[in-house]
Amino acid sequence: MGRRDLDVAELTYREAVASGIAQEMELDPTVYFIGEDVAAAGGVFKATVGLLERFGPERVRDTPISEQAIVGAAMGAAMTGLRPIAEIMFSDFLATCWDMVANQIAKARYMTNGQVTLPLVIRTANGGGSRFGAQHSQSVENWAMAVPGLKVVAPSTPADVKGLIAAAVRDPDPVIVFEHKALYPTKGEVPEGEHVETLGTARVVREGNDLTIVALAAMVPRAAAAAEELAGDGVSAEVIDARSLVPLDTRTILGSVRKTSRLFTVEENPRLCGWGAEVASIAAEECFYDLDGPIVRITTPHVPLPAADQLEDAAMPTIDRIVDTIRQNLG
Amino acid sequence: MYRLLVEIRTFEKRAHDLFLQNLVKGTIHLSLGQEAIAAGFGVAMRSDDYTFCTYRGHAHTLARGTPMTAVMAELLGREAGLLAGKGGSMHLTSVEHGVMGSYAIVGAHMPIAAGAAWSAQARGSGQVAVCFIGDGATNIGAFHEALNLAAVWDLPAVFVCENNQYMEYTPIGKVTAVPNPAADRAAAYGLESILVDGNDPDAVFDVAAHTIAVARAGGGPSLVEATTYRHGGHSRADPAKYRPEDEVQAWLSRDPVPMYRNRLEAMGVKEAVLAAIDEEAERKVETATEQAKQSPPPPIGLVEADVWADGTSTWRN
């Protein structure tokens with residue numbers, strides 16, 4: 001969406017984050033941005049460099065290390081006329097303000113019979129691969145997905161992170177944007193000028209006919225690389241970037257499964273109740289008779305993430321594990 | 001002020017009766033004995049100021065002029081309820097009257113109130129956020145995070161601790177490191193220590209008017225501790241047997257409603273005028289109760305309504 005006939009620029013994922021926030025702050029004076037070290041320091045991942053200089057200290061604010069205050073303040077501001085963006089530095093830290101996220105923000109509209117509207121965004125650096133150890137590495141998008149009242153996106157490319165941040169800011173409901181910290185240095189083409197994506201839409205990354213792989217965030221490039229390798233075996237894999245978990249684009253996913261008759265998910269979250277379990281459940285319920293074999297989930301085992309290179313690499317789904325698992329299951 | 005006190009008192013007594021009749025389900029937390037704080041602040045606030053309540057929030061909701069029938073219907077779980085029955089006693093909200101919600105997780109609304117104050121500051125609206133908490137909330141992390149942020153950002157917020165001496169069933173003094181759970185901690189945020197007699201509506205009004213004026217003028221937040229006592233238990237599940245009888249009697253003798261009535265009489269207000277206000281409050285509560293009872297239960301369609309701003313709960317295409 002919004003990409004045709006436009007000039008593109010090559011940006012890193014982290015530059016695209018800042019670009020997305022800046023685009024929305026430029027267009028809408030009610031957009032404010034707060035978080036720990038986001039202003040003067042430009043963010044610990046340097047994903048918000050330049051915003052303070054461009055929009056000033058009223059709209060781009062450093063906060064204390066107070067996740068409840070950050071997210072709570074965003075909620076109070078959103079219900080009274082602002083469109084705040086709040087950064088939680090690492091997604092693991094969402095646990096320190098989970099009451100605000102799951103009990104307050106998610107439930108406010110429902111329990112007030114629609115009196116309260118919360119147009120707010122929580123951005124957070126999610127996922128592993130950076131050797132940070134268990135408390136700075138987990139993929140927790142499935143926590144958010146399990147809470148009614150939260151929209152959840154997890155972009156895999158610079159263009160998507162810009163476009164989905166923009167869409168999240170404009171959406172009238174609370175949206176959590178799970179940026180993947182291992183993707184910050186990656187580069188990609190981003191449309192010049194205003195760029196907005198659509199929440200609730202998956203993207204077909206690679207077309208294929210023999211099987212469907214649904215992946216998310218940092219698992220998308222791995223799934224795409226696995227598909228390339230499988231092509232050498234003469235296997236044609238379709239790769240879908242789910243992008244948005246809530247709303248979930250079941251139409252695109254199920255349409256692909258009906259075409260290929262096999263479904264694999266590649267998930268970085270720990271095994272139990274990962275997002276792919278919901279995808280698998282929907283596919284089993286709604287296109288069981290289109291399937292030629294079992295649905296297979298390729299996930300991180302049900303463990304916290306370890307720190308050392310070899311251990312972390314062994315825990316997360318690798319290109320080799322994806323390829324091997326698919327080969328075994330295709331027999 | 002007296003009218004508001006009596007209306008809240010009469011409403012809360014009726015809510016208690018309706019609970020005993022099993023017409024109000026779940027649980028309720030009454031402000032009987034604590035009415036002067038909601039009333040004193042309610043009178044001092046500007047109509048566009050924000051109120052953030054706890055789950056003990058009937059009084060503060062009514063004190064902003066929220067229609068009584070809608071509040072009563074919400075307690076009864078009826079379609080005419082303030083939230084059409086979706087929220088219940090602990091979540092009373094009337095955005096139209098500045099009541100930005102009643103929050104049932106202790107202390108959680110403090111950062112949210114700070115956020116509303118931040119928004120008022122950013123928009124230059126001159127609004128003030130008043131956030132009521134119990135004494136128990138002074139020992140939860142959100143208390144610290146919210147007060148620090150409010151102080152650092154000079155937010156137009158007034159945090160009001162209603163110290164009714166008990167955090168649920170336990171005396172607050174047994175679980176708190178300082179004698180005055182809020183006032184003794186104000187200094188930690190560079191704030192003035194403010195203690196007020198929470199059973200004296202005039203004293204509460206004076207403190208409210210002052211702290212709200214300071215906040216409105218850009219002077220930053222305040223933390224007020226209002227000393228009071230609840231006449232009943234923590235919730236309707238609690239007979240409050242843990243409280244010494246002499247303590248209860250001492251506080252009952254300082255009941256804010258008759259105390260204020262006596263003061264007005266001493267000031268020359270005729271008994272007949274006060275009696276008329278009492279009767280009108282009775283009639284208003286009676287009417288609200290009857291109207292609320294006549295409302296049907298909420299339509300079942302509401303179960304899946306209003307998760308999202310588009311009115312739906314759709315999570316897939």
For this session: Looking for whichever is at positive phi, touching a residue at least 40 places away in the same chain (Cβ under 8 Å) and surrounded by fewer than 16 Cβ atoms within 10 Å (Cβ to Cβ) here; the options are A:G81, A:G43, A:G56, A:G50. Which one fits?
Result: A:G81
For this session: Scan segment A:84-98 for residues that are crowded, with 21+ Cβ neighbours inside 10 Å and either assigned to a helix (DSSP H, G or I) or facing chain B (nearest Cβ under 8 Å) (or both) and jot them down.
Result: A:P84, A:S91, A:D92, A:L94, A:C97
Problem set entry | Hey, B:V99 surrounded by fewer than 22 Cβ atoms within 10 Å (Cβ to Cβ), within 10 Å of chain A (Cβ to nearest Cβ) and farther than 16 Å from A:M100 by Cβ or not | no
Problem set entry | Residues (part of a helix (DSSP H, G or I) and among the small types (G, A, S)) located in segment B:138-181 | B:G141, B:A142, B:A146, B:A150, B:A151, B:G173
Exercise. Can you pull out the residues in segment B:122-137 that are under 12 Å from B:A215 (Cα atoms), assigned to a strand (DSSP E or B) and facing chain A (nearest Cβ under 10 Å)?
Worked result: B:A129
Exercise. Residues that are at pLDDT 95 or above and either under 16 Å from A:A18 (Cα atoms) or not assigned by TED's automatic domain parsing to the domain that holds A:I295 (or both): which helices (runs of 4 or more DSSP H) entirely in segment A:129-238 hold 2 or more of them?
Worked result: A:141-145, A:158-170
For this session: Among residues belonging to segment B:196-250 that are assigned to a loop (DSSP other than H, G, I, E, B) and touching a Leu at 6+ places or on another chain (Cβ under 6 Å), point out the one that is nearest to B:H16 (Cα to Cα).
Result: B:G232
Problem set entry | segment A:220-275, residues that are over 17 Å from A:V205 (Cα atoms), touching a Gly at 6+ places or on another chain (Cβ under 9 Å) and aliphatic (A, V, I, L, M) | A:V246
Exercise. Going by the conditions given, is B:E168 buried (at least 24 other Cβ atoms within 10 Å of the Cβ) and in contact (Cβ under 8 Å) with a residue 60 or more places away in the chain?
Worked result: no
For this session: Scan segment A:258-271 and give yes if some residue there is part of a helix (DSSP H, G or I), at pLDDT 95 or above, within 19 Å of the chain's Cα centre (by Cα) and under 17 Å from A:T212 (Cβ atoms), otherwise no.
Result: no
Exercise. Within the group A:A69, A:A77, which residue is closer than 27 Å to B:A305 by Cα and either within 10 Å of another protein chain (Cβ to nearest Cβ) or assigned to a helix (DSSP H, G or I) (or both)?
Worked result: A:A77
Seminar exercise, completed: Within segment B:270-316, restricting to residues that are in contact (Cβ under 8 Å) with a residue 60 or more places away in the chain and in a loop (DSSP other than H, G, I, E, B), the one that is farthest from the chain's Cα centre (by Cα) is B:P299
Exercise. Checking A:P270 against (1) out of contact with any Leu (no Cβ under 6 Å at 6 or more places or on another chain); (2) surrounded by fewer than 15 Cβ atoms within 10 Å (Cβ to Cβ); (3) not hydrophobic (A, V, I, L, M, F, W, C), which single condition isn't satisfied?
Worked result: (2)
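The values are calculated or read from the model by the stated rules, or taken from the named source; none is laboratory data. Everything numeric in this text was worked out from a predicted model, so none of it was measured. Positions of Cβ are generated from backbone atoms using ideal geometry, with glycine treated the same way; all protein chains shown enter the neighbour counts.
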